[in-house]
Amino acid sequence: MRRKYGLAADNVIDAQFINVHGKILDRRSMGEDLFWAIRGGGGSSFGIILSWKIKLVPVPETVTVFAVDRTLEQNLTKIIYKWQYIAPKIDKDLDIRVLMFSVVNPSTGNRTIRATFDTLFLGGVDRLLALMQEEFPELGLTREDCTEMSWIEAVVIGSSFTNREPLEILLNRIAMPKNSFKGKSDFATNPISEDGFEGIWRFYNDALLVLTPYSGIRIDLDRYT
């Protein structure tokens, strides 16, 4: 969704906000500078957000998801190198992010790198397969890897529920357990070379690396923000 419509912050069209003087403001009364700030800097940094007004966007009746794993023994370095050129420019209906882990290969007992190509496609499996065959055949996607479902069912999966939980679980307002971790994020503007990835593999251990293709409409939006 983010490659076609942007982030949630990009689709905020108004807000109710209490400033440090106790005044309730909306977009018009707070001004565009503050409205811009509360959408990106964390609203609680500037006051108290009472409500957001969000622009709705259309979703297709059917979406397709897949999560395909590849390891170094399955030519991962060349696949992830090619992904860098494909993911930011491919059809905006397709969002392929990559989650990388250091794991033990059960066949050899040696440590390896496993990457999960975690994907949401706004459309059916037939169009997805044709698109992947044309743009990213290196991944070797098959029909058996893909599952068609409704968008809201995909939201359940994207919320880290994996045991076929019902849609109603999204109404559960009990906070999820908090796990402590230390993270760092950055924006890469140039592709990493194959030698660069080989260097990363040598010291990569017990960490999660997530590569997200913030592109599509995000490129157009950044030109005006």
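May I ask you to compute the full-extension gain from LYS184 to THR142, defined as 0.36 nm times their residue separation minus their alpha-carbon distance, rounded to one decimal in nm?
11.7 nm
What part of the accessible area of the chain, given as a whole %, is carbon or sulfur when the probe is 1.4 angstrom?
Values: 7850 of 14810 Å².
In the chain, the share of accessible area belonging to carbon and sulfur is 53 percent.
SER45 versus ASN205, label points 7 Å from Cα toward the beta carbon: distance in nm?
Result for the modelled spin labels: 3.6 nm.
Using the Cα centre as the reference, give the magnitude of the dipole from point charges on the C-beta atoms of the chain (Lys, Arg: +1; Asp, Glu: -1; all else neutral), rounded to the nearest 20 debye.
Charge dipole, the chain, about its Cα centre: 780 debye, nearest 20.
Could you point to the residue in VAL68, LEU7, TYR85 farthest towards the positive end of segment 1-129's charge dipole, with +1 and -1 charges on the Cβ of Lys/Arg and Asp/Glu respectively?
TYR85
Where Lys and Arg each count +1 and Asp and Glu each count -1, what net charge lies around GLY124 among other residues with Cβ under 10 Å from its Cβ?
Numbers: positive: ARG127; negative: GLU61, ASP126, GLU148.
Local net charge: -2.
Which residue, VAL156, VAL68, VAL98, has the most motion in a Gaussian network model of the chain that connects Cα atoms within less than 10 Å?
Most flexible of the set in this elastic network: VAL156.
What shape does segment 1-142 take by its C-alpha gyration tensor, where a ≥ b ≥ c are the square roots of the eigenvalues and a/c under 1.5 counts as rounded, a/b above b/c as prolate, and the rest as oblate?
prolate
Once every DSSP H run of n ≥ 4 in the chain is given -39500 (n - 2.57) and the sum is divided by its residues, what mean residue ellipticity at 222 nm do you get, rounded to the nearest 500 deg cm²/dmol?
Value at 222 nm, helices only, nearest 500: -7500 deg cm²/dmol.
Cut-off 10 angstrom, C-alpha nodes, Gaussian network model of the chain. Which of LYS182, LYS92, LYS82 fluctuates the most?
LYS182
How much length, in nm to one decimal, is gained on full extension between THR71 and GLU194, taken as 0.36 nm per residue of separation minus their Cα-Cα distance? The partial results should precede the final answer.
Numbers: separation 123, 0.36 × 123 = 44.28 nm, distance 1.47 nm.
So the chain would gain 42.8 nm between THR71 and GLU194.
Highest GNM mean-square fluctuation, the chain, Cα pairs closer than 10 Å: which of ILE192, ILE38, ILE174?
ILE174
Go through segment 188-202 residue by residue and turn each phi into a ³J(HN,Hα) via Karplus (6.51, -1.76, 1.60, θ = phi - 60°); whole Hz please, and just put x for glycine and proline.
In residue order, the calculated couplings are 8, 9, 10, x, 7, 6, 4, 4, x, 5, 4, x, 4, 4, 5 Hz.
Tell me the per residue accessible area of segment 49-134 using a 1.4 Å probe; a whole number in Å² is fine. Numbers along the way, then the final one.
Numbers: 4440 Å² over 86 residues.
Using a 1.4 Å probe on heavy atoms only, each residue of segment 49-134 averages 52 Å².
Grab the chain and count how many Lys pairs have their alpha-carbon atoms under 26 Å apart, sequence gap of 8 or more, or different chains.
17
Work from the charge dipole of the chain (Cβ charges, +1 for Lys and Arg, -1 for Asp and Glu, about the Cα centre) and give the residue of VAL125, PRO191, ASN172 farthest towards its positive end.
Going by the charge dipole, the pick is ASN172.
Any idea how far apart ASP33 and SER150 come out in nm if each label point goes 7 Å out from Cα toward Cβ?
4.6
If you take the beta carbon distance between THR212 and SER107 as r and set R0 to 41 Å, what does 1/(1 + (r/R0)^6) give as a FRET efficiency, to the nearest 0.05?
0.85
Give, rounded to the nearest 20 debye, the magnitude of the charge dipole that segment 151-206 has about its Cα centre when Lys and Arg contribute +1 at Cβ and Asp and Glu contribute -1 at Cβ.
360
The values are calculated or read from the model by the stated rules, or taken from the named source; none is laboratory data. Model, not experiment: these values are computed from the prediction. So basically every Cβ, Gly included, is an ideal-geometry build from the backbone, and we count neighbours across all protein chains shown. Only protein heavy atoms, including side chains, enter the accessible area calculation; ligands, DNA and RNA are left aside. Shrake-Rupley method; radii C 1.70, N 1.55, O 1.52, S 1.80 Å.
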